[in-house]
1. List the pairs whose first member sits in the stretch 98-111 and is closer than 14 Å to residue 186 by Cα and assigned to a helix (DSSP H, G or I), whose second member is at pLDDT 95 or above and polar (S, T, N, Q), and whose Cβ atoms are under 6 Å apart, counting only residues at least 6 apart or on separate chains?
2. Only one of these conditions is not met by residue 128: (1) part of a helix (DSSP H, G or I); (2) β-branched (Val, Ile, Thr); (3) closer than 19 Å to residue 224 by Cβ. Which number is it?
3. Quick one: how many residues across the stretch 67-79 are more than 22 Å from residue 194 (Cα to Cα) and either touching a Pro at 6+ places or on another chain (Cβ under 7 Å) or not aliphatic (A, V, I, L, M) (or both)?
4. Out of curiosity, is residue 117 free of Cβ contacts under 8 Å to residues at least 12 places away in the same chain and closer than 24 Å to residue 201 by Cα?
5. What number of residues in the stretch 201-252 are buried (at least 20 other Cβ atoms within 10 Å of the Cβ), assigned to a loop (DSSP other than H, G, I, E, B) and within 15 Å of the chain's Cα centre (by Cα)?
6. I'd like to know if the stretch 130-148 contains one or more residues that are under 29 Å from residue 211 (Cα atoms) and acidic (Asp, Glu).
7. Taking the conditions exactly as written (of a type in the set (Val, Ile, Thr), exposed (fewer than 14 other Cβ atoms within 10 Å of the Cβ), within 23 Å of residue 41 (Cα to Cα) and modelled with pLDDT of 95 or more), does residue 71 satisfy them or not?
8. Restricting attention to the stretch 35-60, and to residues there that are free of Cβ contacts under 8 Å to residues at least 60 places away in the same chain and outside any helix (DSSP H, G or I), which single residue is surrounded by the most Cβ atoms within 10 Å (Cβ to Cβ)?
Amino acid sequence: MNHQLIKSEYFSIWKSMLDMDIQAEFRAIEQIDLAPHSFTFYTSVSVMSSSKIEGEILEVDSYVKHKMLNIEYLPELTQKPNDLYQAYLFANENSLNQPNFIKAHQLISTNLLPKNQQGKIRKTQMLVMEHKTGRIQYEAAPASMVNELYDTLWTEIEELIKQEMTFEEVFYYASFIHLAFVNIHLFSDGNGRISRLLEKWFLAEKLGQRAWYIKSEKYYNQKVNDYYKNLARLGLFYEALDYDKSIPFLLMFPQSLVFEK
C-alpha cells in the first residue's frame, strides 16, 4: 500500500475555511483557572458525551455526579463509560504510541467485548451504523486490508508526532487521524470511542495537557447528526471514499473550541 491515509493535500482549503484563530482559542483554554477536581469534571463530560454518541443512555450531568460526588447508578449505566474514563486517564498519563493505544482499547472494551477481542484487530467485515437511527452509514475497510492499513496509519502517526507543526496543522492532522481511523474501524467494537480519544491524545502529545480540556466530544454529541452526515459524505464503501468531501468533518474539531462561547 503506497497511498497516504492521513492526507496533507486538503490543509490549505481547510485553513481557508476556518472562521477562528485556533492559537488564540487554545491559549484561552491554557488560561483557565483549574481546581483540583477540574480534570475529573472535564473528563467526565468528555467520556459521557462520547459514550452517548454510541448509544449509552445515562445523561452527561448524571455521570458527572457519579464521578464527582460518588452518586451510584445501576452498573449497566456506568460500566462502559467508566471503562472509557479509565482509558482517558491512561492516555493522560502515557505517551501516544502503538502499545499504549492497544492498551487503551483493552480498557475501553472491558465490558464491551469478549477478552479475546479486547485490543485485537478484527477479522470480520464491518458495517458502521448510526446508533440513534440504526441506519447503515458506510462499509468499513475490508477485513483483508485492516492489518496493512493499521501499520500504515501508525507509521504516519509516528511521523506526524515527530514533526514541528503550527497550531492549525496540529488540529488538522488530529482531525484527519480521527477520520482515517474511524473509516478503517480497526476493532470489533469501540472504534468511535477510541477514535475521539485518539484525536485528543494526538493533540495533547503535540500541545500539552490542556488539550484534554477541549470539549470536542461534547460538541460532537450535540451535533451528532452533523457528525454522522459529515462522515457519510465520503461515500458508502471504504475503497471508494472521496476525501475531497472531508472538509466539513475536519472543520468540526476546531469548532469545538468556540461552540459554547
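1. Hits for this filter: 106/118.
2. With (1) part of a helix (DSSP H, G or I); (2) β-branched (Val, Ile, Thr); (3) closer than 19 Å to residue 224 by Cβ applied to residue 128, the lone miss is (1).
3. First, pick out the residues of the stretch 67-79 that are more than 22 Å from residue 194 (Cα to Cα): 68-74.
Those left that are additionally either touching a Pro at 6+ places or on another chain (Cβ under 7 Å) or not aliphatic (A, V, I, L, M) (or both): 70, 72-73.
Looking only at that region, the number is 3.
4. On the way: free of Cβ contacts under 8 Å to residues at least 12 places away in the same chain: no; closer than 24 Å to residue 201 by Cα: yes.
Considered against the rule, which asks whether it is free of Cβ contacts under 8 Å to residues at least 12 places away in the same chain and closer than 24 Å to residue 201 by Cα, residue 117 comes out as no.
5. Residues flagged as buried (at least 20 other Cβ atoms within 10 Å of the Cβ), assigned to a loop (DSSP other than H, G, I, E, B) and within 15 Å of the chain's Cα centre (by Cα) within the stretch 201-252 amount to 1.
6. Checked against the condition, which is being under 29 Å from residue 211 (Cα atoms) and acidic (Asp, Glu), the stretch 130-148 yields at least one hit.
7. Here the answer is yes, as residue 71 does meet what is asked.
8. The residue in question is 56.
The values are calculated or read from the model by the stated rules, or taken from the named source; none is laboratory data. All of these numbers come straight from a predicted model, not from anything done at the bench. Virtual Cβ from ideal backbone geometry, glycine too; neighbours counted across all protein chains shown.
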